[in-house]
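Data first, discussion second: the structure below is written as C-alpha cells.
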Amino acid sequence: MQTKAASRNHIRCVVLIPVGPRTAIRHLNDTIASVLRFVRSELKIVLVDNTADGLRLHDLPKSEAIEIVRVAGNEDYSIFGRLYMQSSRAIEHVLDSWEFDLLLRLDDDALLVGSGTEEEAMEAFRANPSVGCLGSYRVTCMGATRDFGPGARRLWFEMSVFGRVADPSRWRSLREIYSLAASQGYEPGEHCLGAASFYKREVLATMRDKGLLSLPELLTTRLCDDQVFGMLVKAAGYQNMDFAGPGQPLGLAWKGLPASPQMLLAMGKKIVHSVKSWKDADQDQTRREFALLREVMPTEVYRHRPVSI
C-alpha cells in the first residue's frame with residue numbers, strides 16, 4: 001500500500017470494489033469496464049482483493065485508474081465482520097493516498113449502465129450537508145419499503161447480556177458505537193444497501209477520526225458490513241439518504257435484479273445489482289443482455305483510455 005507520503009492528487013470519485021474469493025475474472029472485468037466507461041470524472045478504482053491466489057494487473061482492463069489492495073485471501077466468503085474490517089482498511093488507505101470528493105462502494109456483481117451518477121451524488125451531497133451516505137435506503141427502486149428488522153434483531157442480540165457473554169469486547173464496542181449513533185437519531189438496523197452506495201469524504205474521515213474504522217472487536221460480528229456502516233454513518237454525525245427512488249440512479253436488489261434490464265434502463269437507472277441473475281438468466285446471460293442494450297445507447301466518450309479486456 002501507499003503511505004501518507006504518497007501522491008495527493010485530487011480525484012473526484014474513488015470506486016471501491018471488494019472482490020470475493022470466488023469471483024470470475026471475466027465478470028470482474030465487465031464491472032470494471034462499465035466503471036471506466038460511465039464514470040466521466042477523474043477516478044481511481046480500488047480493488048479490495050480477497051481472492052485465493054491474488055489479482056494480477058495484467059489480467060484486468062488496462063488502465064492507470066486501477067489499484068489493487070491485497071487482503072488475506074482464502075476460500076471463505078464473508079459479508080460480516082471480516083468484510084467490515086477489509087473495507088475499513090481499504091478506506092483508510094484511500095484517505096491516506098488521495099484527495100477525493102466521494103467514494104462509491106460497489107459490489108463486483110454490480111454494473112454501471114449509464115453516466116453521470118457521481119455528479120448526481122455530488123449535487124445531492126451539496127444540497128443536503130448533513131448526509132454522509134446515499135443509497136438504496138428506506139425505499140427500494142421498485143417502491144417497496146426496506147426492512148431493517150433483521151439487522152436490528154442481530155444488533156440487539158449482540159448488545160444483550162447473551163452477546164456480552166459470547167464476546168465481551170464486541171459487546172462493549174457495539175454499545176459505544178450505538179450510543180453515538182442513537183444521539184443522531186439512529187434507527188437500529190438502518191443502512192443503505194451495500195451493493196452500490198456513495199459516501200462523501202468527510203464522513204469517512206470523521207469515522208476514522210472517531211476510531212470507528214478497523215475495529216478488531218467487530219471481526220466477529222454477524223451484522224452485515226453495510227449494516228455496520230449504516231450505524232457508523234450516524235455515529236460519525238451524518239445521515240443516510242435515499243438515492244434509488246423515482247428519478248434517482250440506483251436500481252438495486254439484494255439478490256438478482258429488481259426488474260428486467262430493459263425496464264431498469266427505461267426507468268433511467270445507471271447502476272444496477274445484482275447481475276448474477278434475472279429470472280432464468282445466469283450472470284453471463286444477464287451481463288450480455290446489458291451489453292447488447294448498451295450498443296443501442298448513445299456513444300459514450302471514454303475518459304480513461306486505454307481500456308481493453
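The values are calculated or read from the model by the stated rules, or taken from the named source; none is laboratory data. Everything numeric in this text was worked out from a predicted model, so none of it was measured. Note that we place each Cβ from the backbone using ideal geometry, even for glycine, and neighbour counts take in every protein chain shown.
Within the stretch 103-160, which residues are closer than 22 Å to GLY247 by Cα and basic (Lys, Arg)? Listed by number, the residues that qualify are ARG105, ARG126, ARG138, ARG146. Can you pull out the residues in the stretch 127-150 that are touching a residue at least 40 places away in the same chain (Cβ under 8 Å) and among the hydroxyl-bearing types (Ser, Thr, Tyr)? SER130, SER136, TYR137, THR140 - these are the residues of the stretch 127-150 that are touching a residue at least 40 places away in the same chain (Cβ under 8 Å) and among the hydroxyl-bearing types (Ser, Thr, Tyr). In the stretch 210-254, of all residues being more than 19 Å from ILE17 (Cβ to Cβ), among the β-branched types (Val, Ile, Thr) and buried (at least 20 other Cβ atoms within 10 Å of the Cβ), the one that is farthest from the chain's Cα centre (by Cα) corresponds to THR221.
Considering the stretch 192-209, and only residues there that are closer than 25 Å to ARG154 by Cα and among the small types (Gly, Ala, Ser), the residue that is surrounded by the fewest Cβ atoms within 10 Å (Cβ to Cβ) turns out to be ALA195.
Considering ALA259, ALA253, ALA236, the condition of being on the phi < 0 side of the Ramachandran plot, at pLDDT 95 or above and in contact with a Ser or Thr (Cβ under 6 Å, 6 or more places away or on another chain) is satisfied by ALA236 alone.
Would you confirm whether or not the stretch 188-196 contains a residue that is in contact with a strand residue (DSSP E or B) (Cβ under 7 Å, 6 or more places away or on another chain) and over 12 Å from GLN227 (Cβ atoms)? Yes, the conditions are met somewhere in the stretch 188-196. Cβ-Cβ contacts under 7 Å between residues 6 or more apart (or on different chains), taken from a first residue in the stretch 151-169 that is more than 15 Å from GLU187 (Cα to Cα) to a second residue that is surrounded by 15 or more Cβ atoms within 10 Å (Cβ to Cβ) and at pLDDT below 95, are absent. Taking the stretch 221-257 as the range and being among the charged types (D, E, K, R), more than 28 Å from ASP282 (Cβ to Cβ) and in a loop (DSSP other than H, G, I, E, B) as the test, only ARG222 passes. Restricting attention to the stretch 28-66, the residues that are at pLDDT 95 or above, surrounded by fewer than 18 Cβ atoms within 10 Å (Cβ to Cβ) and within 22 Å of ILE271 (Cβ to Cβ) add up to 1.
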